[in-house]
Every structure is written in C-alpha cells, then in structure tokens.
Amino acid sequence: MLESTATDWSRVLDLYAGTGALGIEALSRGAGWTDFVEKDPRLCALIKENLGHTGFTGQAAVYCVTAQKALSILKEKYGILLLDPPYADPSITTATEKLSSSSLVGEDSTIVIEHSRRMPMKERYGDFQQIKNLRHGDSCVSVYQYAGGEP
C-alpha cells in the first residue's frame with residue numbers, strides 16, 4: 001500500500017514496534033534506515049534478533065523507551081512513520097498530535113497508524129490530512145500525508 005503512496009523511503013520510524021515486523025518490512029522494500037521504538041526490553045531484544053536474522057542490523061537502531069520518550073529524544077526527520085500501538089491505548093491521539101507538529105515530520109512524510117475501529121482517528125492532525133482509511137474487521141489503517149495549512 002505504501003509503495004504507491006509514500007515518496008521518501010530514506011528513513012523510517014517504527015513507533016510501538018513490537019517485534020519490529022513493520023520496520024523490517026520497510027527495510028525489505030528498500031528503506032534506507034529504520035529506527036525502532038519499543039518499551040518492552042524483551043521485545044527490544046527480539047527486534048535486534050530479527051534484524052540479525054534478516055541482515056538489516058547495519059540499517060537500524062533500537063530504542064528501548066516509551067513512545068512519548070522517543071518523541072522527545074529523536075531528532076531526525078522521517079519519510080515514513082509507522083504507529084501500531086496496543087488497540088486499547090488511548091494515548092495514540094495525543095502521540096499523533098505531538099508527532100504531527102514535531103520536527104520528526106516534514107512535507108514528504110507519510111504517517112501510518114494501525115488502530116481499532118472503536119478508536120477512530122481524526123481526519124486531520126496538524127498539517128497532516130488523512131488520505132486513506134482501510135478497514136478489515138476491527139482493524140483499521142489510517143494514512144496521513146502533509147497538506148500544509150489547507151482546511
């Protein structure tokens with residue numbers, strides 16, 4: 001889905017990374033670098049193991065911190081930002097609002113959020129407008145791109 005949407009694959013952020021599957025998939029599709037953020041130390045170790053198995057260790061960094069902490073310490077601009085928080089996590093709206101107005105995004109950024117149908121996302125966060133919303137059962141994927149100050 002992102003191959004026809006996202007334009008900047010140079011740097012990817014996999015926030016709420018879990019096992020790292022989304023970020024590793026981005027690397028396998030040509031992303032230059034992926035930063036993985038996961039707060040669970042066991043999952044951080046698993047991400048590192050998975051990077052080793054796939055040969056992408058040299059194209060990634062793993063941050064074993066909360067998403068909120070990562071948003072305050074990361075400094076790079078990302079072309080693709082993947083957010084797959086736990087479905088019951090109500091902080092996803094706050095994290096998305098903070099992210100959309102941060103220095104981590106720019107005009108070429110694409111934000112992708114996997115979420116529950118019961119936790120709908122807004123049409124717009126800051127300068128980012130929802131361009132796709134795909135549903136499959138309880139799972140939804142909302143895709144946002146830069147729209148600037150347009151209403």
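Points to keep in mind about this one:
- Overall shape: oblate for the range 33-76, with the ratio a/c of the largest to smallest alpha carbon gyration tensor axis at 1.5 or above and b/c at least equal to a/b.
- The percentage of C-alpha pairs in the chain whose separation is greater than 26 Å is 19%.
- Cysteines in the chain that, by Cβ-Cβ distance, have no pairing candidate under 4.7 Å: Cys140
- Computed over the range 67-151, the percent of Cα pairs more than 14 Å apart is 60.
- Note on the chain: antiparallel DSSP beta bridges, both residues inside, total approximately 50 percent of the bridges counted.
- Within the chain, helix-based [θ] at 222 nm, where runs of 4 or more DSSP H residues each add -39,500 (n - 2.57), nearest 500: -7500 deg cm²/dmol
- Cα-based convex hull, the range 52-111, per residue volume (Å³, whole number): 116
Taken together, the values in this text are just the output of simple stated rules run on the coordinates, not laboratory data. Note that this is a predicted model, so its numbers are computed, not measured. Positions of Cβ are backbone-derived with ideal geometry, glycine not excepted, and every protein chain shown enters the neighbour counts.
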